[in-house]
Every structure is written in C-alpha cells, then in structure tokens.
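The values are calculated or read from the model by the stated rules, or taken from the named source; none is laboratory data. Since the model is a prediction, treat every value here as computed from it, not as a measurement. Don't worry about glycine lacking a Cβ; one is built from the backbone with ideal geometry, like all the others, and counts go over all protein chains shown.
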Amino acid sequence: MNALHKVTATMILAISLTFVGSPQPTFAQVYTDLHDFDCAVEGCQPIYPEILAQGRDGNLYGTTDGGGKAGMGTVFMMTPSGVVTTIHNFSGLDGQNPDGGLVLGTDGNFYGTTRFGGASNLGTVFKIIPAGVLTTLHSFTGTDGSDPRPGLALGKSGSFYGTTCGFNPPWTAYAITAAGVFKTINSSGAACSSAPLTVGNDGNLYGTNPSGGTSQLGSVFQLTPAGALKVIFSGDFAHGTNFVGGVTQGSDGLFYGTTAGGGSGSFGVVYKVTTAGKFTELHGFGKDLINDGTGPFAGVVAASDGKFYGATTGGELGGSVPNGNLFSVTSSGTYKLLYAFDGTHGYLAQATPMQHTNGTLYGVAEGGGAHSGGVIYSLANGAPAFVSSGDTLGKCRTERRDPRTGIDGDFRSELRDWVGEFQGRVRYVHDCHSAK
C-alpha cells in the first residue's frame, strides 16, 4: 500500500490561472487516500454503485469490478486505517464483475451480486464469509432477470431484496433468503434500478429508476415485500432527471437522494421526497461551474451529525473541481463543498459513501491513485461515533462495537436506557434511532 495522502484544514485548492479572481475553497475536513488499487496485483476499478459494508470485526468489506487473478473482480477487506487484503478472486463460474458491493447479513456474513458469470453468465447472488469462502446462492437464467448490478438490501423479514436491469427484459425485483431460496416478486420493469434498494421504517422497499416515470426521465418508487410497486415521483427537467443514486431515509422519515441531471442548475440535484410524492430540491448542481461538482451518480448517506453526505462525478473543465467533489447538505438545504478530488488521489467517485461506527466516512473512487486503478478514501469530519442498530425479525438489536467498552457483540438491552448516558455522543440509526 502506498503512503497515505492527507488533505488537512490548511489545504487550499489550487485554481486555474484563468480564474484567479474566483473564491478559493478551504477544507476543514481531513481527506485521506487510504489505498490505491493496482490492477496488476489485485482488484481494481471499484465502479458504481460499489457499496462498502462494515463487518462485526470493525473492518470494511467491498468489491472491485476488475482486476484479481482472473481479471473478473474481487472481494476485499480493509482495516479502518487502510490495510487491504483480497479475500476472494472471481473466476467466472462463481460470478464476474461484482459492482453492487456488499451488505452485512444478520449471520455476520456478507451478501452481494455479480453482473455476469454464473451458470448462464447472466449474473449471480452470493454469500461470502469474512474469511473469504464464497457460496453462490443463485445464478440468473434470463427468465428471472439478468445483470443484477445494484446489489442487495436486507429486509425486515430477514430476506434480501434486489433488482435486475439487463440488456433485455424481464427487468425484475426479487427476494432471496440466506439459504438461497429465490423468488421473483415483480417483473413490470418499473424497478429497473441502478442502486441498491433501501428498506424504509414501514418495512417497504424504496428505490430509483434512472429512466422510469411518466416521462421516462427517472423516478422514485415504493415496492412492498410482496412485490406491489408504486411510483411516488416522476422526474422532469425542472426537478431532476436520471435518478441513478438511490435513496436513503432520514430521521424525519423523508427519503433523500440525488439526480445526475436536470434541476435548477441543469446538472443534477440533491432532493428530499415524501412517500406521498412531495419533492423538494435541496441543492442544484451547475449554478457554480467553477467551485462545485456536477452530475452526482452517488446517492447520499445519513450521518450521525444529522447531515447527508455524497459525491459528484465531475465539474466544468477549467474550474476548480473537474474531478468531482465530496459534499454535505442538511435537510433544510444548507450545502457545503468538503473536498475536491485532484485526480491523483481519486476521481469519478460514483459510489455512495458510508459511515463507519467510528464516525468517519469511507468510500471508493473508480479512477485515480498511483496506479490509476481507483482508490479507497476516508473523510474525517468530526461526526460522532454511534452504535448501528436495526429492527431484525422484530427485535431491536445492535451489530457494532459498544463505544463504552470497545467490545463487539449483540447488545439487546433496551436502547432507550442508553440515551441519557450517551446524549450528544451516540446516535442510533435505522429503525431504533432513540437519540440524535
């Protein structure tokens, strides 16, 4: 691994001499290029929508689209400090191009998808244990869909949910258990998403379709676990187009996401939307082509400080952020540029970042790095550590490290009893958010 690259509060973004008179952004956050992928010796090019997952051991797990022994992608483990180990190399029959990233199951193992490979070369669903042993749970045949790019979401029932969006229909939504019992739940094509689904507090699944809706410019939809689908918002040029990044639910119950096009600045928006379809633009990209990014493919993550964090893929050539940026936005629309990718230490950050329970944000960029194979980065912004919790099989449970003791485990004590003790320090997320 290369020496870590850090950008601290004293770093001032260099601006092209053409724009000497433009304001110069100053970054108070600490960006660290943790790992530079090298296609010659490991996996590389962690392309959209590659989602990192935190394991019970506190390490991060993810996938790469390419590289590895067969050039078909890998699964890797990374410590929070940036030490990366390849734990599986895909070889075709067990899958190829695992672009969707991973999700942690209730058993402590990870679940994901590959776009291609498997028995019919149309993609797979797999399980992998932290030690690297992989089991193919399902190989797509075409009649049940193909190209399950978005990855998986863990539902309240314990089943995983995903979508397919191959070159040819049917474009399906499906459910699969940890044991591999597979069921197609919707084949209307309206759930042809590019990002993983999100499980709402109501138990329904929410997602985006880049070309769905009444004008085929993108949509936000609701999908019940039984497969009933309802479009709750249809995009247009005024509000946003190309809904690529998926949605996340805030503590206010609303869903937050991005579009890669349209909106008040024509180059995409950050938005919030209610289940009834009331849509609000929080930030429009393209209004400032010098000091802001454009075209976010990544969605946003709801962090423990109450803000939402995301990434853009690029900016206007000649401006100060041609390689994209990291940003934060509040539920009321206060937007802040946090870091501008310099190309050398990453660019094309198309994947939604995630927040580790230590409070730090982690993510991947497809390009850049010492070997041009992409990077894994972190952004330390002072957000508090937290205990990650979820409603699993009807029980409120935690799956991460107790910040009081540092002990890993399943702490089933009443979470509300902890609120006073950790007021201002810990925020419970997902379905058991008792403190902010």
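Okay, here's what the table says:
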quantity: In the range 150-163, the residues that are closer than 19 Å to residue 208 by Cβ, part of a loop (DSSP other than H, G, I, E, B) and touching a Gly at 6+ places or on another chain (Cβ under 6 Å); calculated: 150, 151, 152
quantity: Pairs with Cβ under 7 Å, 6+ apart, first in the range 361-380 and under 26 Å from residue 302 (Cα atoms), second acidic (Asp, Glu) and assigned to a loop (DSSP other than H, G, I, E, B); calculated: 364/50; 374/366
quantity: Top-ranked residue of the range 164-188 - restricted to ones that are modelled with pLDDT of 95 or more and either under 16 Å from residue 102 (Cβ atoms) or of a type in the set (A, V, I, L, M, F, W, C) (or both), ranked as surrounded by the most Cβ atoms within 10 Å (Cβ to Cβ); calculated: 173
quantity: Options 252, 288; residue that is outside any strand (DSSP E or B) and more than 20 Å from residue 348 (Cα to Cα); calculated: 252
quantity: Lone qualifier among 82, 117, 123 - being more than 21 Å from the chain's Cα centre (by Cα) and under 28 Å from residue 372 (Cβ atoms); calculated: 117
quantity: Hits in the range 354-370 (condition: crowded, with 24+ Cβ neighbours inside 10 Å and in a loop (DSSP other than H, G, I, E, B)); calculated: 366, 368, 369
quantity: Options 390, 324: the member that is surrounded by 18 or more Cβ atoms within 10 Å (Cβ to Cβ), within 25 Å of residue 194 (Cβ to Cβ) and modelled with pLDDT of 90 or more; calculated: 324
quantity: Top-ranked residue in the range 50-82 [being polar (S, T, N, Q) and not in a loop (DSSP other than H, G, I, E, B); ranked as farthest from residue 37 (Cα to Cα)]; calculated: 54
quantity: Selection count where residues are part of a loop (DSSP other than H, G, I, E, B), in contact with an Asp or Glu (Cβ under 7 Å, 6 or more places away or on another chain) and not small (Gly, Ala, Ser), scope the range 323-353; calculated: 4
quantity: Tally, over the range 135-163, of residues that are crowded, with 21+ Cβ neighbours inside 10 Å and either in contact with an Asp or Glu (Cβ under 6 Å, 6 or more places away or on another chain) or of a type in the set (D, E, K, R) (or both); calculated: 2
quantity: Residue match in the range 100-113 (condition: of a type in the set (D, E, K, R) and buried (at least 20 other Cβ atoms within 10 Å of the Cβ)); calculated: no
quantity: In the range 92-124, residue farthest from residue 198 (Cα to Cα) [restricted to those that are of a type in the set (Ser, Thr, Tyr) and not in a strand (DSSP E or B)]; calculated: 120
quantity: Only listed residue being among the polar types (S, T, N, Q), closer than 24 Å to residue 205 by Cβ and either crowded, with 17+ Cβ neighbours inside 10 Å or in contact with a helix residue (DSSP H, G or I) (Cβ under 9 Å, 6 or more places away or on another chain) (or both), chosen from 331, 251; calculated: 331
quantity: Residue that is under 21 Å from residue 250 (Cβ atoms) and within 17 Å of the chain's Cα centre (by Cα), where the choices are 152, 205; calculated: 205
quantity: Selection count where residues are buried (at least 20 other Cβ atoms within 10 Å of the Cβ) and either under 20 Å from the mean Cα position of the chain (by Cα) or farther than 14 Å from residue 325 by Cα (or both), scope the range 286-300; calculated: 8
quantity: Cβ-Cβ under 7 Å pairs, at least 6 apart or on other chains, the range 324-346 side closer than 13 Å to residue 291 by Cβ, far side surrounded by fewer than 23 Cβ atoms within 10 Å (Cβ to Cβ) and among the charged types (D, E, K, R); calculated: 327/336
